[in-house]
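Step one of this worksheet: look at the structure below.
The values are calculated or read from the model by the stated rules, or taken from the named source; none is laboratory data. These figures come from a predicted structure and were not determined experimentally. Note that we place each Cβ from the backbone using ideal geometry, even for glycine, and neighbour counts take in every protein chain shown.
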Ligand code: PFF
């Protein structure tokens, strides 16, 4: 059996994990969620979620990867042969995320170029929907492939493929060491310039002004937990895989804390950047910041271009903003593809480079559907179902398996034995009680919500095909791969110590 690659340095590993965690979500999701849920007061549930779920779960996933030195399917198979499917389900989810996440990176690349001339003119909304996406009226009506989007999507794939082709140490680690400092630098540069603008400080007041009445609302708490899981990329194979390349002597607990704090610190910076820009725009238009704020695709590709039109140095702001979005997205995309490569090389024994090609080729082909006229609508449905069910259920099942069916104290001893500071009973308590209760509750609420009304008002057919249908296919695929025989009879040696 070939030996597993390892990270070249501790900083390299942490930066790669941070690269996965910092993504589109930090820039377009966190600021809005914080604003909507009580501003400065949101930091209370957010930090609570970070301490009770984020850090404990991150330590657990780093520990699993380090202990079993394998991809997610191999890790779960090493716990019990019966559980390998869970790893494959997580891998299926990363596949689906990868094929639509890349399209958004493609848009960000296009917009980096558009920023040079503010190609969106004075009607960014019309430009985005009609001139750029040529959006169709239904997700079932895909229409034609948009060449411009296809080209930038392929650019994102070429970079990802190239980096992964070079391997973990020479590819992922090296690029993370460039991308992460670059990203912080660009965002700080934007902030530095933004804060001197009229109205920017007012924008920050809107973001941070605490509204403590909000934190009595339980939705605020589930939003905080949801954001923590999404932003940290935990619960769906990424962090297990990255940690599987750690050398034997690695400080798991410290690395996990660093990853979480750097990621959440970046979210705050992104909040300052976005609300500084929005504050200035609101001042120029003579309206309140609450009238211009938005999130997601609308924020990045409509509101920000509108704001850029009002800024003194539009080329500077535009290119830096969209380049930041591109860099943040690419490092997350790389982290979504690597677990799949690791999973098939572990199980089917192909070489790393071959594994990269075997994953990238079908991913590229499938991602083309998101470059069509119906792409955004399709993406909207798939993303909703993957986040609300796929990631959440996998995280929930994983935590129940490890903390209720298996012996969590064995994992605790494992991470403590190699870490500088130790985790104690509080860690176990968070993972056994807090995390499953919150995730369980969120899953039930989501299931009720989606069973009682079609998400986004889409047709039954669209929801059935792209929502439930995609989830169903992922389950079947997971079972199929679970039952396939591994090439190496030592693929996963079951570790009995974890069983009660
Ligand atoms: N953690 C990333 C973010 O906050 O944008 C998002 C992400 C990364 C989502 C990797 C999914 C994923 F597979």
Inset, instruction - Return yes or no: is residue 141 in a loop (DSSP other than H, G, I, E, B) and at pLDDT 95 or above? - result: yes
Inset, instruction - Take the residues in the stretch 363-384 that are within 14 Å of the ligand (Cβ to nearest atom) and more than 17 Å from residue 153 (Cα to Cα), then tell me which one is nearest to the chain's Cα centre (by Cα). - result: 383
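Listed residues 128, 113; which is more than 30 Å from residue 244 (Cα to Cα) and free of Cβ contacts under 8 Å to residues at least 40 places away in the same chain? Break it down stepwise before answering.
Working: 128 fails: free of Cβ contacts under 8 Å to residues at least 40 places away in the same chain.
The unique qualifying residue is 113.
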Inset, instruction - Scan the stretch 335-355 residue by residue and report those that are within 14 Å of the chain's Cα centre (by Cα) and either more than 9 Å from the ligand (Cβ to nearest atom) or assigned to a loop (DSSP other than H, G, I, E, B) (or both). - result: 337, 338
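Is the stretch 75-86 home to any residue that is part of a loop (DSSP other than H, G, I, E, B) and within 24 Å of residue 407 (Cβ to Cβ)? Outline the logic, then answer.
The initial filter retains those residues of the stretch 75-86 that are part of a loop (DSSP other than H, G, I, E, B), namely 80.
Adding the requirement that they be within 24 Å of residue 407 (Cβ to Cβ) leaves 80.
Yes, some residue in the stretch 75-86 is part of a loop (DSSP other than H, G, I, E, B) and within 24 Å of residue 407 (Cβ to Cβ).
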Legend entry - Meets criteria (closer than 19 Å to residue 473 by Cα, modelled with pLDDT under 95 and in a helix (DSSP H, G or I)) for residue 391: yes
Inset, instruction - Check 186, 180 and return the single one that is buried (at least 21 other Cβ atoms within 10 Å of the Cβ) and assigned to a helix (DSSP H, G or I). - result: 180
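Quick grid of which residues meet (1) modelled with pLDDT under 95; (2) within 16 Å of the ligand (Cβ to nearest atom):
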position	(1), (2)
221	yes, no
226	yes, yes
232	no, yes
236	yes, yes
243	no, yes
255	no, no
264	no, yes
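Table: residues versus (1) over 30 Å from residue 483 (Cα atoms); (2) within 16 Å of the ligand (Cβ to nearest atom).
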{"position": "278", "(1), (2)": "yes, no"}
{"position": "309", "(1), (2)": "yes, no"}
{"position": "329", "(1), (2)": "yes, yes"}
{"position": "333", "(1), (2)": "no, yes"}
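Results for (1) on the phi > 0 side of the Ramachandran plot; (2) surrounded by 14 or more Cβ atoms within 10 Å (Cβ to Cβ); (3) not in a helix (DSSP H, G or I), shown as yes or no for each residue.
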{"site": "445", "(1), (2), (3)": "no, yes, no"}
{"site": "456", "(1), (2), (3)": "yes, no, no"}
{"site": "462", "(1), (2), (3)": "no, yes, no"}
{"site": "477", "(1), (2), (3)": "no, yes, no"}
{"site": "490", "(1), (2), (3)": "no, no, yes"}
Inset, instruction - Would you check which residues across the stretch 18-38 are near the ligand (Cβ under 7 Å from one of its atoms) and assigned to a helix (DSSP H, G or I) and list them? - result: 20, 21, 24, 25, 26
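Quick check on this structure: which one of 287, 297 is modelled with pLDDT of 95 or more and crowded, with 17+ Cβ neighbours inside 10 Å? Break it down stepwise before answering.
Details: 287 fails: crowded, with 17+ Cβ neighbours inside 10 Å.
Result of the check over 287, 297: 297.
Residues in the stretch 49-71: is at least one assigned to a helix (DSSP H, G or I), away from the ligand (no atom under 16 Å from the Cβ), within 30 Å of residue 289 (Cα to Cα) and in contact with a helix residue (DSSP H, G or I) (Cβ under 6 Å, 6 or more places away or on another chain)? Break it down stepwise before answering.
The initial filter retains those residues of the stretch 49-71 that are assigned to a helix (DSSP H, G or I), namely 49-68.
Within this subset, residues satisfying the condition of being away from the ligand (no atom under 16 Å from the Cβ) are 51-52, 56, 59-60, 63-64, 66-68.
Now restrict to residues that are within 30 Å of residue 289 (Cα to Cα): none.
No, because not a single residue in the stretch 49-71 is assigned to a helix (DSSP H, G or I), away from the ligand (no atom under 16 Å from the Cβ), within 30 Å of residue 289 (Cα to Cα) and in contact with a helix residue (DSSP H, G or I) (Cβ under 6 Å, 6 or more places away or on another chain).
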